[in-house]
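S.K.: Structure below; questions to follow.
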Amino acid sequence: MLLARRRWAAGAVVRAGWCSLDRGYKIGAGELRKTMVMTGAAIGKDASLILKVTEVEHHHKGRGGGSVLAKLRDIQGSTAYSHRFGGSESIELAELEPADNPFQFLFREGSTVHLMDMISFEELELPDDIFGDQLVWLQEGMDIKVTRVNGVPVLAALPMKAEFEVVETIPRPKDTKVETSKPGKLSNGVTIKVPIFVEAGDTIVVNIEKGGEFASRPIR
């Protein structure tokens, strides 16, 4: 247990709020995105079904038209569904239980993410798809919030911002009046745009909620 605690301390996380967890309100079909959760009633099925969005395709048919094709999965039975919503249709999301005990990310093994309950010190295993597009931003020691529906984990939220090392980038452009940013490869393998003054080996703060934008230099 002491070894595990030392590992947690290694994570460099900026505690500046959490990525949003959508809960219990109506949205327009055009706002639908992966990892959102709704009941079966939203697609004309049994209201006891809890469905998680796994894929979303937006189809546009000229002015005022269009539709949204959603692929969903029953979080308890794993049955897959497909439903097409009208572009102007309203969708009611499921009511989520408040995030429970704080967790920390330990490691990822195959398609399973291992977390540690920071109150009971019990380990929680979650399928990696519960993290959606944020999966790539997981790092050891990162604090995670887990939200449930009927006791079943359905969503996991990462901090809004976290620190990552820039492992590769091009030299500073000579014409700094034209170029204000350049590509920078991070320690998790993701390449984002970073300011021209950032060099390989620098640590930067990344805004996870905005899809991985450069936020700032770390404040020490």
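S.K.: Inspect the range 121-132 for any residue being over 13 Å from the mean Cα position of the chain (by Cα), in a loop (DSSP other than H, G, I, E, B) and surrounded by 19 or more Cβ atoms within 10 Å (Cβ to Cβ) and give the result as yes or no.
M.R.: The answer is no; no qualifying residue exists.
S.K.: Is one or more of the residues making up the range 79-88 within 24 Å of residue 217 (Cα to Cα) and polar (S, T, N, Q)?
M.R.: no
S.K.: Can you confirm whether residue 52 is within 30 Å of residue 118 (Cβ to Cβ), assigned to a strand (DSSP E or B), modelled with pLDDT of 80 or more and not assigned by TED's automatic domain parsing to the domain that holds residue 120?
M.R.: The answer is yes for residue 52.
S.K.: Looking only at residues in the range 158-194 that are touching an Asp or Glu at 6+ places or on another chain (Cβ under 9 Å) and at pLDDT below 90, which one is surrounded by the fewest Cβ atoms within 10 Å (Cβ to Cβ)?
M.R.: That would be 171.
S.K.: Test residue 24 against the criterion of being at positive phi, under 21 Å from the mean Cα position of the chain (by Cα), outside any strand (DSSP E or B) and modelled with pLDDT under 85, and give yes or no.
M.R.: Considered against the rule, which asks whether it is at positive phi, under 21 Å from the mean Cα position of the chain (by Cα), outside any strand (DSSP E or B) and modelled with pLDDT under 85, residue 24 comes out as yes.
S.K.: Kindly establish whether residue 152 is touching a strand residue (DSSP E or B) at 6+ places or on another chain (Cβ under 8 Å), crowded, with 16+ Cβ neighbours inside 10 Å, β-branched (Val, Ile, Thr) and within 21 Å of residue 73 (Cβ to Cβ).
M.R.: When the stated conditions are applied, residue 152 does not pass them.
S.K.: Does residue 183 qualify as being assigned to a loop (DSSP other than H, G, I, E, B), outside the structural domain of residue 38 (by TED's automatic domain parsing) and more than 15 Å from the chain's Cα centre (by Cα)?
M.R.: So residue 183 fails the test.
S.K.: Moving on to the next point. Do you know which of the residues in the range 69-107 that are of a type in the set (Val, Ile, Thr) and in a loop (DSSP other than H, G, I, E, B) is nearest to the chain's Cα centre (by Cα)?
M.R.: Filtering the range 69-107 for residues that are of a type in the set (Val, Ile, Thr) and in a loop (DSSP other than H, G, I, E, B), the one nearest to the chain's Cα centre (by Cα) comes out as 75.
S.K.: Could you identify the single residue in 88, 120, 78, 67 that is under 30 Å from residue 188 (Cβ atoms), modelled with pLDDT under 95 and assigned by TED's automatic domain parsing to the domain that holds residue 42?
M.R.: Answer to the selection: 78.
The values are calculated or read from the model by the stated rules, or taken from the named source; none is laboratory data. None of the values given here were measured: they were computed from a predicted structure. Positions of Cβ are backbone-derived with ideal geometry, glycine not excepted, and every protein chain shown enters the neighbour counts.
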